[in-house]
1. Restricting the search to the stretch 29-47, which residues are near the ligand (Cβ under 7 Å from one of its atoms) and more than 16 Å from Ser144 (Cβ to Cβ)?
2. Just the residues that are over 24 Å from Val89 (Cβ atoms), free of Cβ contacts under 8 Å to residues at least 24 places away in the same chain and not hydroxyl-bearing (Ser, Thr, Tyr), please, taken from the stretch 56-73.
3. Assess whether Thr42 counts as being hydroxyl-bearing (Ser, Thr, Tyr) and open to solvent by 30 Å² or more (accessible area, probe 1.4 Å).
4. Given (1) within 15 Å of the ligand (Cβ to nearest atom); (2) in contact (Cβ under 8 Å) with a residue 24 or more places away in the chain; (3) over 19 Å from Asp111 (Cα atoms), where does Met50 come up short, assuming only one miss?
5. Among residues belonging to the stretch 124-152 that are in contact with a strand residue (DSSP E or B) (Cβ under 7 Å, 6 or more places away or on another chain) and loosely packed, with under 14 Cβ neighbours inside 10 Å, point out the one that is nearest to Lys69 (Cα to Cα).
Amino acid sequence: MDTARIAVVGAGVIGLSTAVCISKLVPGCSITIISDKFTPDTTSDVAAGMLIPHIYPDTPIHTLKRWFKDTFDHLYAIACSAEAADAGVHLVSGWQIFQSIPAEEVPFWADVVLGFRKMTEAELKKFPQHVFGQAFTTLKCETSAYLSWLEKSPVKTQAPAQVLNNSTAGKGKSE
Ligand SMILES: Cc1cc2nc3c(=O)[nH]c(=O)nc-3n(C[C@H](O)[C@H](O)[C@H](O)COP(=O)(O)OP(=O)(O)OC[C@H]3O[C@@H](n4cnc5c(N)ncnc54)[C@H](O)[C@@H]3O)c2cc1C
């Protein structure tokens, strides 16, 4: 049977993640990533890389929650693996603060992140302009490290196309 030849357009976090996923789903395929920019010149390289979901009004909450949980679980496994430092994926704790009380004090993703709770009055005093806050631990991708880690499997690098060979694509992933 002929080897499946697949092209993915874009070398940001979506394109590279898609290529790695396909390489696992289609054994023996060859994947070409076609892009005008690669790391460190993509938008993905400048993202803070914090994992917190947004609400898209046309997408049901249960779907958003499933996407978020799948992503959280995937990155959490990487953060707990020996690859964490190379991949630039780690846990980060912090606060999300509000100048007015949000419609949902406990968001749909509260039980996906770790240790979600409302901020205490004492903590909120550090932010005099804010009336409400949430404390939790989520995941952070150091995106330039993460993109380089996703790219590690390519056997050839050439602008504007970059080739991932399935025999090595996704190598080092914790799944
Ligand atoms: C300052 C900042 C902070 C952010 N912080 C966060 C955050 O904390 N958490 C979070 O989840 N998101 C954050 N984001 C959003 C996040 O960066 C984007 O959602 C994400 O990078 C999109 O990834 P992408 O792969 O779709 O796009 P990109 O990274 O833009 O990649 C697109 C790829 O497609 C290529 N391409 C585009 N058009 C063509 C074409 N016509 N021909 C060939 N190649 C093409 C580009 O060269 C590039 O390689 C932030 C964004 C910014 C700007």
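1. Ile34, Asp36
2. Those that are over 24 Å from Val89 (Cβ atoms), free of Cβ contacts under 8 Å to residues at least 24 places away in the same chain and not hydroxyl-bearing (Ser, Thr, Tyr): Pro57, Asp58, Pro60, His62.
3. It is false that Thr42 is hydroxyl-bearing (Ser, Thr, Tyr) and open to solvent by 30 Å² or more (accessible area, probe 1.4 Å).
4. (3)
5. First, the residues of the stretch 124-152 that are in contact with a strand residue (DSSP E or B) (Cβ under 7 Å, 6 or more places away or on another chain): 124, 127, 130-141, 146.
Cutting the leftovers down to loosely packed, with under 14 Cβ neighbours inside 10 Å gives us 131, 137.
Values: Val131: 28, Thr137: 14 Å.
For the stretch 124-152, the residue satisfying everything is Thr137.
The values are calculated or read from the model by the stated rules, or taken from the named source; none is laboratory data. What you see is a predicted model, and the numbers here were worked out from it, not measured in a lab. Cβ: placed from backbone, ideal geometry, glycine included. Neighbour counts: every protein chain shown. For the accessible areas, the whole protein counts, side chains as well, though only heavy atoms, and no ligand, DNA or RNA atoms are used. Shrake-Rupley method; radii C 1.70, N 1.55, O 1.52, S 1.80 Å.
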